[in-house]
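These notes are about the structure you will find just below.
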Amino acid sequence: MPPYLSRFPSFYHGYISQVTENDLKAAFQNHTKRFVDFLATIPEEKVNYAYAEGKWTIKEVLQHIIDTERIFCYRALTFARKDETPLPGFDEDVYAKNSKASQRNWKEMIEEFKAVRLATELLFQSFDDEQLDASGVANSHSNYVLGIGYIIAGHCTHHINIIRERYLNKQPA
């Protein structure tokens, strides 16, 4: 079932809109394949490219996706386990600045994404309906587990479109 948009902040609605599947497992499978296939098409000479001063490189974008997915999985796990501790936000620019992505091997980064995504898929498969419906507070905003899963899936598609348009000068998928 798709998530209820009213249960999380509107700034996540753009990610959710990238997901057309009504089943989270199918969404993860489809978006993972699409994203990994897309990453394989990026020329090696482009991975350290930033389209403008102060913008992230493609490697930094991929590291951002990996980092964000880990953080959102922690949020989902916390909510599913009924821990009511409000969770902090995170500054994606600070993470990117300190990721040292430019020093990393591109193919290893893709393998890391695949490993993180597999762990994400297994985590969400472990949740029952009650856990998928569990909510909590992160970054001073309410959210819930199922919604987080759809945000994670849509986040990759969002970045595919940005990379295609701004880094590779191609039309969005």
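The values are calculated or read from the model by the stated rules, or taken from the named source; none is laboratory data. Being a predicted model, the structure only gives us computed values, none of them experimental. Cβ placement follows ideal geometry from the backbone for every residue including glycine, while neighbour counts extend to all protein chains displayed. For the accessible areas, the whole protein counts, side chains as well, though only heavy atoms, and no ligand, DNA or RNA atoms are used. Shrake-Rupley method; radii C 1.70, N 1.55, O 1.52, S 1.80 Å.
Summary of values
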item: Selection count where residues are more than 14 Å from the chain's Cα centre (by Cα) and either of a type in the set (Ser, Thr, Tyr) or open to solvent by 10 Å² or more (accessible area, probe 1.4 Å) (or both), scope region 147-173; result: 10
item: Residue selected from region 84-118 under the condition in a helix (DSSP H, G or I), surrounded by 12 or more Cβ atoms within 10 Å (Cβ to Cβ) and of a type in the set (A, V, I, L, M), by the criterion nearest to the chain's Cα centre (by Cα); result: Val116
item: Single residue of region 72-83 satisfying the filter (surrounded by 16 or more Cβ atoms within 10 Å (Cβ to Cβ) and within 16 Å of the chain's Cα centre (by Cα)) that is farthest from Ile162 (Cα to Cα); result: Leu77
item: Any chance Ala138 is out of contact with any His (no Cβ under 8 Å at 6 or more places or on another chain), in contact (Cβ under 8 Å) with a residue 60 or more places away in the chain, under 14 Å from Tyr12 (Cα atoms) and of a type outside the set (S, T, N, Q); result: yes
item: Region 126-173, subset of a type in the set (A, V, I, L, M, F, W, C) and outside any helix (DSSP H, G or I), residue nearest to Asn48 (Cα to Cα); result: Leu168
item: Number of the condition not met by Ile66 [criteria: (1) farther than 15 Å from Ile152 by Cα; (2) modelled with pLDDT of 95 or more]; result: (1)
item: Residues being under 16 Å from Val145 (Cβ atoms), assigned to a helix (DSSP H, G or I) and among the aromatic types (Phe, Trp, Tyr) - total across region 4-22; result: 2
item: Qualifying residue in region 25-38 (condition: small (Gly, Ala, Ser) and more than 20 Å from Lys114 (Cα to Cα)); result: no
item: Filter pass, Arg34 being assigned to a helix (DSSP H, G or I), open to solvent by 70 Å² or more (accessible area, probe 1.4 Å) and either of a type outside the set (Asp, Glu) or modelled with pLDDT under 95 (or both); result: yes
item: Residue satisfying all of: in region 37-65; closer than 27 Å to Lys97 by Cβ and among the charged types (D, E, K, R); most open to solvent (accessible area, probe 1.4 Å) among these; result: Glu53
